[in-house]
């Protein structure tokens, strides 16, 4: 019982009641559950079919009372829709029944030959065939929707002619060609000429590629001539029976341009941060490091990555922590705060003095934190400290003789003072002795607690020396600052019994120290070189500018003569003599001098040397201040040379050179003033006033003020940027560099400058800023990571754009400092990740596609492009650009499933064709066995062999992975075996094969197999008449550079004497060989050999189009 005839609904259109009853009985024999609806006229059938489509099959008689013949079939087929129709006819209508197959019916059956099996088989096959056809149409419709609705340009082209055979709407919109224009073009027509060799090379590689082929980036050209960069993916398809390729083109022009601008912007940013001498860092509002410049390694010995996530207070000395914390809190109310020097721990655990300027940039999305610009000032602080200590010591020595001496008896609490005490303070000379309480009454109230505590602590300790500074009341009621030193005498038990000491009035010294501190601070801050010597010209102090500019540390020069240190071979002997005389005569001096640094570099200084006298007129030493005028001197020297070359330069340069005489208020220009701005010579009168009037009104006053300021401030160089009117009325942006020429008195006399047209640069700068902004706003995910991993296995993320956060769910703060591994999960393709790693280890650009995971755990497909970039000082980085391709992957999966379904259907079709051919061959073979007519029986066997040959090809096709190519060698072996089994020869037969591995297109495999069938059949029928003879057949098939050479030779009786006559008359077998050879464009021949006959066939291997059977005539 057929399982296909379970629970079906049948409409029988039959006017003969007896025939209907017979049909009903036949169907019930093969079915379990079915419903049969019977009508006897066309009009009844029309009413039912217009009102219902629930039928699975229609059985139609060709002759009805109200309709018949072709018109009846056409009407029923139209009404039936997708319902298969089987025509029932008698012998007299047999030919027309066959014709109905072309009108759309599923099958036709002769009533006189009808059996339950034949009827149920026809119904089952018709329903199943209808289901398969419906599935095919549905699959094709889904493919068409995927193709037409794709967001990317797609097209299909013939792989032989390269002609477009289909394009989607996106390709039409993107490239600007109409559908008709596309279909008249080849894929070469959208390539620039220089891209054609690249295309041809890609086509050679892609023809053998299986599955989806990534051919990389290509240049295409739109209809309007615009060139674009596209990423091409392609796959082999069969389109309307043609071998073709479907291509998906992704325009990545904008992405490549963005990546280029991003790399340039990043390089510029890194250069700024890494080449500076300052330490730049970004803190969050809690003081945690978010970013630290690489200079931290050089300044503090700490790599920048070690700072990330730590708190700034962790590195600051406890004495300074509160002050720094307060400063950070104050940034909530103010934009900027300057931090005085504080102590900061370096990598060796030592404290360095750091001063910082911290700016609140929380409102800047690119920073989102506090930017700290810091500088190491340890050397400066230490020099200042040392200077204060030296001055203090000096003050102690000079004031020692003015101390007030006392003797305090601790047991009696009696305090004795010397006579100088009464002169300096307010105490009664008649009093003589005093108590410690009386001393305390005259200590300044603010200083008393510290003084009393300090004294108490020393008295109750084992120490013998005490020093304290405080303010003490004088006779006029004011307070003097005093420095007290005491020596404590203890008894045998260690108890203090007496203290002898001195009180020194250091008020003036304190004031002097404060002034010196101010002076030292100023000296340390200035960029001028300052030094101090003793009266004998020996250095006692130098500022930081001296050390930085001349390269000597203070320890190297102390006690030495400055003239001996900075002297060199080019010093002017007369100037050196004048300086020496000034030291000897203790006179002031001003001189332009040449100094040599420790490394031999030359510096010109404007030296001012002044002696320092004490209150008694004695010279305590000298102070020298040297202002660096190297640039000025060199410029003056260069100017003299430049004037000589002025005319040559003015002719060679594209800049407009001008010379302003300040005394006459006249300007001279070179010829470029006319070419740059388009003016005629005759139109430029009263040039100075003309120049002022051509300045843009919004720029004019500012430019004139800057010129005036440069003239009156003795500025030797200035740079101006302004707009200048051209002859056509437009304004050009000008970058003007000028040099001020002065006379011997330092007064400006001339200004010489060069005007450069920077209009284009300004425009480019504007667009560059726009492109940099585009990086942050692009929809492509962009991440910048370390070139080499600082914390394996991953490379830290240094920057992400907003698109990265939108794609992954991780904010910038969450992503930066982490690695891209945080996006991986259980379904991430480790091979793809490994491929990326291998390319990155070789510093090669690479692309990959794999599954990543968002912050919320959601999976998404991503295509990443990793590009290496080199920053300043050979620093390496990776730019990772990612695109979410989840939707594309879904489309590809659906397309693969659709193709797989079609392949399954084709397998089934080949299988059924093979089975049907086997049934036909079997029936003909049975008929041959029963046939008494020998000639007719042989013809039947010939036909069986031919049918089996075609059946074996379909069998090989559904057993192979290809539906259009097969292994010709395997086919030959099966073919010869089938023929020998069919003919069942009485003699012993040995078949030998010499066959290469040859793959043939089905449209060449079928005719060549049929030719072999005819040759083998002829050998088995005619070559071996002696049953005792041992037959041998050798089948050879060779391939040489796409040329196929096929031969079949036997050891039979050979060709008959009248073979040429036979060839001329052409029997059916020879006619088939001749016809099939013509289809193959092949040459063939029969030739006698020593033992038997040899058949040869040769043809060129080709990829013929169409269905195999259409090539058999």
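Every read-out reported here was derived from the displayed coordinates using simple, explicitly stated rules and does not represent laboratory data. A quick note: this is a predicted structure, and the numbers were derived from the prediction, not measured. Positions of Cβ are generated from backbone atoms using ideal geometry, with glycine treated the same way; all protein chains shown enter the neighbour counts.
Each label point is 7 Å from the Cα along the Cα-to-Cβ direction; what then is the distance between the points at residue 336 and residue 1040, in nm?
8.8
Quick one: check the C-alpha center-to-center distance for region 528-545 versus region 722-764, whole angstrom.
Result: 43 Å between the Cα centres.
Pull out a ≥ b ≥ c, the square roots of the eigenvalues of the alpha-carbon gyration tensor of region 258-376, then state rounded if a/c is under 1.5, prolate if not and a/b is larger than b/c, and oblate in the remaining case.
Details: a/c = 2.13, a/b = 1.34, b/c = 1.59.
Oblate.
Nearest 0.05, what FRET efficiency do residue 178 and residue 1074 give at R0 = 51 Å with Cβ-Cβ as r? Display every interim value, and only then the final one.
Numbers: r = 48 Å, r/R0 = 0.94.
According to the calculation, E is roughly 0.60.
Once each part is reduced to its C-alpha centroid, what is the distance from region 231-250 to region 291-357 in angstrom?
62
Taking a virtual spin label 7 Å from the Cα of residue 440 along the C-beta vector, which residues in region 486-512 bring their backbone nitrogen under 18 Å of it?
Only 496-499 fall inside the zone, counting backbone N under 18 Å.
Where a ≥ b ≥ c are the square roots of the eigenvalues of the C-alpha gyration tensor, would you call region 779-882 rounded, which needs a/c under 1.5, or, failing that, prolate if a/b is larger than b/c, or oblate? Display every interim value, and only then the final one.
Working: a/c = 1.69, a/b = 1.26, b/c = 1.34.
Cα axes put region 779-882 in the oblate bin.
Calculated FRET efficiency, residue 834 and residue 7, Cβ-Cβ r, R0 60 Å, to nearest 0.05?
Values: r = 55 Å, r/R0 = 0.92.
About 0.65, to the nearest 0.05.
Averaging sequence separations of C-alpha pairs under 8 Å and six or more residues apart, then dividing by the length of region 779-882, give the relative contact order as a whole percent.
Relative contact order, region 779-882: 28 percent.
Please report the equivalent ellipsoid semi-axes of region 689-760, computed as sqrt(5 x eigenvalue) of the Cα gyration tensor, largest first, in whole Å.
Working: eigenvalues 125, 29, 20 Å².
They are 25, 12, 10 Å, listed largest first.
What is the distance in Å between the Cα centres of region 785-823 and region 991-1059?
69
How fast does region 561-642 diffuse by Stokes-Einstein, in µm²/s, taking the Kirkwood radius from C-alpha pairs at 37 °C and 0.692 mPa s?
On the way: Rh = 14.0 Å.
Stokes-Einstein gives a translational diffusion coefficient of 234 µm²/s.
Compute the distance in nm between two label points, each set 7 Å from the Cα along the Cα-to-Cβ direction, one at residue 844 and one at residue 886.
So the label points at residue 844 and residue 886 sit 3.2 nm apart.
By the gyration tensor of its Cα atoms, with a ≥ b ≥ c the square roots of the eigenvalues, what is the shape of region 15-110: rounded for a/c under 1.5, prolate for a/b over b/c, or oblate? Please report the intermediate quantities before stating the final value.
Numbers: a/c = 1.40, a/b = 1.12, b/c = 1.25.
Because its axes are fairly even, with a/c under 1.5, region 15-110 counts as rounded.
I want to check the label-to-label distance for residue 409 and residue 721. Put each point 7 Å from Cα in the C-beta direction and report it in nm to one decimal.
8.5
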